[in-house]
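Chemist: Okay, here's the structure, questions in a sec.
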Amino acid sequence: ESEPVEAEDDNANEEVVQIYERDETNTVADGGDDEKSVSHVAASNYIFSDNDTITWPVNGGIILGYSVDNTVWYKTLGQYKVNDGIVIGADEGDDIVAGASCVVTDISTSPEYGLTITFDIGNGYEMLYGQVENSENLTVGSTVAEGDKIAVVAKPSRYFTAEGSNIFFKMTTAYFGI
């Protein structure tokens, strides 16, 4: 069962996230003379504040906590490093739900987190889910309501084989990690 989690800004690290406005052709202006196609879009219809809570994304507990001030042990890598999100243990194939009503702003792949989907929840807040399988065929611009299924837990990347299947979850504001 999903439960609300208070969004916290303790130990925030500075991270600038630039949001672009999208026109009807999915071309965005970056503020300069040139237009370029990028995956970030504005979610002006969504309102989220530091007093709001989010729905826990998956049935599971934290196996690697948020830590940018101190390093945490990554069993698979055999080393300590910072973790700018949380890693939540879950079974491969488990449903992942949206923490808040949102719009998809980016879908990409990284060696560390596999497939990642980023959502804009309004007022400069974003949520990134990694180690996911896009079972819902979301695309940039797709909108979802809080609690809707957005993906399923994927097989862990080579960076997390010893930790087991999980999702990487990161929430940021326009200027700070949360």
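Where a number appears in this text, it was derived from the coordinates with a stated rule and is not lab data. Because the structure is a prediction, the values reported are computed rather than measured.
Chemist: Treating region 48-88 as a set of equal point scatterers at the Cα positions, no solvent, please give the Debye-formula log₁₀ I(q)/I(0) at q = 0.20 Å⁻¹.
Modeler: The Cα Debye sum returns log10 ratios of -0.72.
Chemist: Tabulate in residue order the Karplus-calculated ³J(HN,Hα) for region 123-135, using 6.51 cos²θ - 1.76 cosθ + 1.60 with θ = phi - 60°, rounded to whole Hz; enter x for Gly and Pro.
Modeler: 6, x, 8, 10, 10, 10, 10, x, 6, 10, 10, 6, 5
Chemist: What shape does region 116-178 have by the C-alpha gyration tensor, where a ≥ b ≥ c are the square roots of the eigenvalues, rounded means a/c under 1.5, and otherwise prolate means a/b greater than b/c and oblate the rest?
Modeler: Working: a/c = 2.60, a/b = 1.34, b/c = 1.94.
In terms of gyration-tensor shape, oblate.
Chemist: Run the numbers for GLU133 and ILE107: contour at 0.36 nm per residue of separation, minus the present Cα-Cα distance, in nm.
Modeler: 8.3 nm
Chemist: A further question follows. Against the globular-protein guess of 2.2 N^0.38 Å, express the Cα radius of gyration of region 55-154 as a ratio, rounded to two decimals.
Modeler: For region 55-154, the normalised Cα radius of gyration comes out at 1.08.
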